[in-house]
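Contents: one structure, followed by commentary.
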Amino acid sequence: MNKRGPLFLRDVLVYTFTTFGGPQAHVAILLRDFVEKRNYITEGELMELNALSQVLPGPSSTQTLVGIAWKVGGLQLAILTFLVWIFPSAAIMCMAAIGYKSLASTGRVEEVLRFIRPAAVGIVAYAAVVFAQRILKTKTSVYLATGSLVATLILQNPYAFPILILLGGIISSALETQPSEDVLRAKLYANVNPRKVSYFIGILLFFAALGAIINRTSPFSLPIRLFENFYRNGILIFGGGQVLVPLMYTEFVKLKHYLSNAEFLSGYALQQALPGPTFSFTSFLGAITLGNKGFGLSGQIAGGIVAVLGINLPGLILILFIVPFWEDLKKITRIKNSLSGINAVAVGFMATALILLTAPFGTNWMAYLIMAGAFCLLYFTKVKTPIVILLGVVLGLIF
C-alpha cells in the first residue's frame, strides 16, 4: 500500500456512510469525489471499471470501488477497501436481525413495519420498471425477459436461475455479434494473451466446482449449506442489487422457508434506508435464518458473517483477478454482447419476485395503495428511497 492509501481509505469511509440510491447513484459519487476531486483514476478508467462490473457476476458497486483501490494501491488496499465498505452496513443489518427476533414477540414491530413492507414492494416495482426500461430495447430482450418470467414462475427452483442466465447470454451473444465483428475479433485475438483468458475461465470453473463440493459435503451443517447458497447466488447475480432480491426471495422464502415474507420485506426495507452496498442485506437474511433455526445469538452473528462473505466472495475474487488484464478481455466481442441477454433474463427474475411479493397481500387494499404510492413517489418525483421508508415508519407510528 503506497502513501495515498490512508487518505484513500478515509475517503472510502466517508463514501460508505454517504452513498444512497444504488449502483447508478454510487457511480455519480465516485466520479465526483474519486475522479474530479482526488484524481485517484481518470474518468475513462472509472467508466471501464463500471462496465467491467456489469459484465461480471457479483455486487457491481463493490467491484467498481475495489477495482479503483487496486489501481491506487494494489491488492492490500483493495482488500482493506472492501472491509471498510462492507462492514458498517453489514454489521447494522446483522444487529437489526438480532433485534428483530428479540422484539417480534412484543407485537410492536408489526405495528411499526406494517406500512414499510408494502412500501418495500413498491421499491422493488420501481427497480423492476426502471431496469426494464433500460434493458428491454429489442424484441430479443423482451422475449428473453418474458421467457425467464414464465420459466421461473413454473419451475420455482434455484437451479433454474443459472440455466436461464447461461441461455440468455448465449442467445444474445449469438444474435448480436455480427459477422464483421467476428472478423475483427479474430484479428484482435492476436493481441489477447491466451494464458490470461484461460486463467479467467479456470477461475470461473473453480468457483462452480467449489460450490458443488461444499454443497455435497455439508448435509449436516446448516451454516455451511447457507454459505454454499449465498456463494452460488454470488456467482449468478448479474446487474447488482436489483437482481439480488428476486434470487434471494425465491430461494430462501418460497422454496426453503428459511424466513417469512414479513421478515424478508422488513430487512429489505431497512437496507433501503441505509447507505452502503445493497448486498449487505444478506447479513440480515443469514442472521434471521440461523435465528429461526434455534442457533442463538452467536449463531445469528455467524449467519450474518457467512452470508456476507458467501455472496461477496466470488465477485471480489473475480474483480481482483480480472482488473489486471481487462484490456485483453474487453476485446472479445461475444463477452460484451452476452450482457444484454443476461440482463434481460434478470428483468424476468425481477418481475417474478414482484408477483411473489404481492401475493401475500391478498385482498388487503391498503397494502396495494401503499405499494402504488411508494412506486409513484420514486418514479414521478425526486424523492429518494430512504425518505419513502421513513414515511412508512412515521405512518406505522401514527396509525
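The values are calculated or read from the model by the stated rules, or taken from the named source; none is laboratory data. Predicted model only: the values in this text are computed from it and were never measured. Neighbour counts are summed over all protein chains in view; Cβ atoms, including those assigned to glycine, are modelled from backbone coordinates with ideal geometry. Accessible surface areas use protein heavy atoms only, side chains included; no ligands, DNA or RNA. Shrake-Rupley method; radii C 1.70, N 1.55, O 1.52, S 1.80 Å.
Rounded to whole numbers, the Karplus 3J(HN,Hα) couplings from phi for the stretch 139-147 are 4, 4, 5, 5, 4, 5, 5, 5, x Hz, using 6.51 cos²θ - 1.76 cosθ + 1.60 with θ = phi - 60°, and x at Gly and Pro.
Taking I79, I98 and ordering them by how much accessible surface each has at a 1.4 Å probe, largest first, produces I79, I98.
Cβ-Cβ distance of I29 and L153, R₀ of 30 Å, FRET efficiency by 1/(1 + (r/R0)^6): the value works out to about 0.25. W70 contributes an accessible area of around 80 Å² to the protein surface, as traced by a 1.4 Å probe with all chains present. Computed over protein heavy atoms with a 1.4 angstrom probe, the accessible surface ordering of C376, C94, largest first, is C376, C94.
The equivalent ellipsoid of the stretch 41-91 has semi-axes of 18, 14, 8 Å, largest first, where each one is the square root of 5 times an eigenvalue of the Cα gyration tensor.
As a size descriptor, the averaged projected area of the C-alpha convex hull of the stretch 244-285 was calculated at 2.5 nm². Computed extension gain for K139 through Y379, at 0.36 nm per residue and net of the alpha carbon distance, reaches 83.9 nm.
Remark: the stretch 252-263, residue by residue, has Karplus-estimated 3J(HN,Hα) of 8, 9, 6, 9, 9, 6, 5, 8, 8, 4, 5, 5 Hz, where x stands for each Gly or Pro and the curve is 6.51 cos²θ - 1.76 cosθ + 1.60 at θ = phi - 60°. Karplus-based coupling profile of the stretch 5-16, in residue order and whole Hz: x, x, 5, 5, 5, 5, 5, 5, 5, 4, 4, 4, with θ = phi - 60° in 6.51 cos²θ - 1.76 cosθ + 1.60 and x standing for Gly or Pro. When you have a sec, figure out the Kirkwood radius of the stretch 123-175 from all distinct Cα pair distances and drop it here in Å to one decimal? Result for the stretch 123-175, one decimal place: 12.0 Å.
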